[in-house]
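Rule-based calculations on the coordinates, nothing more; no lab input. Computed from a predicted structure; not experimentally measured. Backbone-built Cβ (ideal geometry, glycine too); neighbour counts: all protein chains shown.
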2 protein chains.
Amino acid sequence: MDIEISQQHQDDQQRVAIFKALADANRLRIIRVLYQAQREMTCSEVGAQLNISKSTVSYHFKALRLVGLTNTRQVAQTKYLSLQFTTFERYLPGFLATL
Amino acid sequence: MDIEISQQHQDDQQRVAIFKALADANRLRIIRVLYQAQREMTCSEVGAQLNISKSTVSYHFKALRLVGLTNTRQVAQTKYLSLQFTTFERYLPGFLATL
DNA sequence: TTTTTAGTTCGATATTTATCGAATTAGAAT
DNA sequence: ATTCTAATTCGATAAATATCGAACTAAAAA
């Protein structure tokens, strides 16, 4: 019983973190761009497309990555971002399709 | 085209508001309690169950109501809260089942 | 080796937010 | 009319967050 409760509590921590990550217009835009492009994108690319400073984009990229909503693949100094679909499936099944 | 973009933007405003509303452990607990109870609940009732002060519960109730995640039915000075399923369906289909 | 490029981190700032107890409102019950 | 009950609002406070430009790091290119 205690185990179940604390498990639920832990899941809530993760849910809160994920919702926080999604509760920002720029991060939603980043997710949409990635979803619609159906491919990886770099920091600069997203920054240019959405007209946000590179430091801010970097900040948001990190926020998304930290809660497991995105993946990073690094090639030299360039980082490619993509959606981590399993996280969406698990915590927000059907959400991406609503974008 | 502009119409579609601004429509998308407006939807994002709503999405951000909804995610903000869900990005709080106490509000998630309130939603779970309402979902599992499968019935309306009052401010006091929820406050007692979750051990939160009544002013804080009232604050959270309002937050949930303002973004359309819950309904209120008032009887005299007592307010009964319930989930607004249509909002969940529209913006977070399948989410409630993950709780 | 110098210069360019991609991204991160830092410092500063302004805004938002969660929380509580106290005061308040409005209705119910005595 | 007084008292009790349910909920909201207020004031204060502490914590989190988004943003930018500037400084920095590390790798690629020249």
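Across the cross-link table entries A:Lys20/A:Lys79; A:Lys54/B:Lys20; A:Lys20/A:Lys62; A:Lys79/B:Lys20, which are compared at the Cα atoms, the separations over 20 Å belong to A:Lys20/A:Lys79; A:Lys54/B:Lys20; A:Lys79/B:Lys20. Spelling out what I want: for every residue of the range B:35-51, take phi, set θ = phi - 60°, compute 6.51 cos²θ - 1.76 cosθ + 1.60 (Karplus), and round to whole Hz; glycine and proline get x. With the stated coefficients, the range B:35-51 comes to 5, 6, 5, 6, 7, 6, 9, 9, 4, 4, 4, 5, x, 5, 5, 9, 6 Hz. Rg and Dmax, both from the Cα atoms of the protein assembly as shown and both in Å, are 18.6, 66. Over every Cα atom in chain A, the radius of gyration and the widest Cα-Cα span, Dmax, amount to 14.7, 51 Å. Could you compute the FRET efficiency for A:Tyr59 and A:Leu96, with r as their C-beta to C-beta distance and R0 at 22 Å, rounded to 0.05? The calculated FRET efficiency here is 0.45. Peptide B:17-26 has a mean shielding of 5, counted as Cβ atoms of other protein chains within 10 Å of each residue's Cβ. Scoring A:12-18, B:14-20 by mean Cβ neighbours within 10 Å over their residues and listing the highest first yields B:14-20, A:12-18. Dipole magnitude for the protein assembly as shown: computed about the Cα centre from +1 point charges on Lys and Arg Cβ and -1 point charges on Asp and Glu Cβ, it is near 320 debye.
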